[in-house]
């Protein structure tokens, strides 16, 4: 809940979008136009961080790589709250779309829709399992977490 006179949070702004229309546009055109997600004040707050090199882990000079003019920077951790919230809540909406595309392309890559632990387990399965879709060693223990089984059919 937001206080009167303050804009809704990022989560609420993303929730208000019509994600079916967005997915249709992404699938049909390769892009989707959405209403502005950030207020002018939020944009100014992010812009104000740019001169502070301690906020960024690296910068890319586009001319050096023949990508055009200017530069861009990668935030270091901790991410600004606004960036973290955008990333977290937008990813949850985009990952299912990416998974549907991957399935349509007969791809095997899956994108977890929530939780960092799931992301790491998925990557471990992709690296070590013969068939990541049917893991034999890194198993899900529903309601508990994960367990490792050294041998197929064996005990942990």
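Screening the stretch 71-84 for residues that are part of a helix (DSSP H, G or I) and without any contact (Cβ under 8 Å) to a residue 40 or more places away in the chain and picking the one that is nearest to residue 119 (Cα to Cα) gives 84.
Under the condition of being farther than 18 Å from residue 11 by Cα and out of contact with any helix residue (DSSP H, G or I) (no Cβ under 8 Å at 6 or more places or on another chain), the residues counted in the stretch 36-53 number 7. Applying the set (1) part of a helix (DSSP H, G or I); (2) modelled with pLDDT under 95; (3) in the same structural domain as residue 93 (by TED's automatic domain parsing) to residue 64 leaves exactly one unmet item: (3).
Selection of first residues in the stretch 140-156 that are at positive phi and of second residues that are in a loop (DSSP other than H, G, I, E, B) and at pLDDT 70 or above, restricted to Cβ pairs under 9 Å at least 6 apart or on distinct chains, gives the following pairs, ordered by first then second residue: 153/136. Out of 57, 87, one residue alone is out of contact with any helix residue (DSSP H, G or I) (no Cβ under 9 Å at 6 or more places or on another chain) and not in a helix (DSSP H, G or I). It is 57.
Within the stretch 73-83, being touching a strand residue (DSSP E or B) at 6+ places or on another chain (Cβ under 9 Å) and closer than 12 Å to residue 10 by Cβ holds for one residue alone: 83. Restricting 57, 64, 13 to residues that are within 20 Å of the chain's Cα centre (by Cα) and surrounded by fewer than 13 Cβ atoms within 10 Å (Cβ to Cβ) narrows the list to 57. The residues listed here are 34, 22, 47; of these, the one that is more than 26 Å from residue 119 (Cα to Cα), in a helix (DSSP H, G or I), out of contact with any strand residue (DSSP E or B) (no Cβ under 6 Å at 6 or more places or on another chain) and at pLDDT 90 or above is 47.
Each residue in the stretch 99-116 was checked for being part of a helix (DSSP H, G or I) and modelled with pLDDT under 75, and 1 pass. Scanning the stretch 33-52 for residues that are surrounded by 10 or more Cβ atoms within 10 Å (Cβ to Cβ) and either more than 20 Å from residue 85 (Cβ to Cβ) or touching a residue at least 40 places away in the same chain (Cβ under 8 Å) (or both) returns 37, 38, 42.
The values are calculated or read from the model by the stated rules, or taken from the named source; none is laboratory data. Predicted, not measured: the structure shown is a model, and the values here were computed from it. Cβ atoms come from the backbone with ideal geometry, glycine included; neighbour counts cover every protein chain shown.
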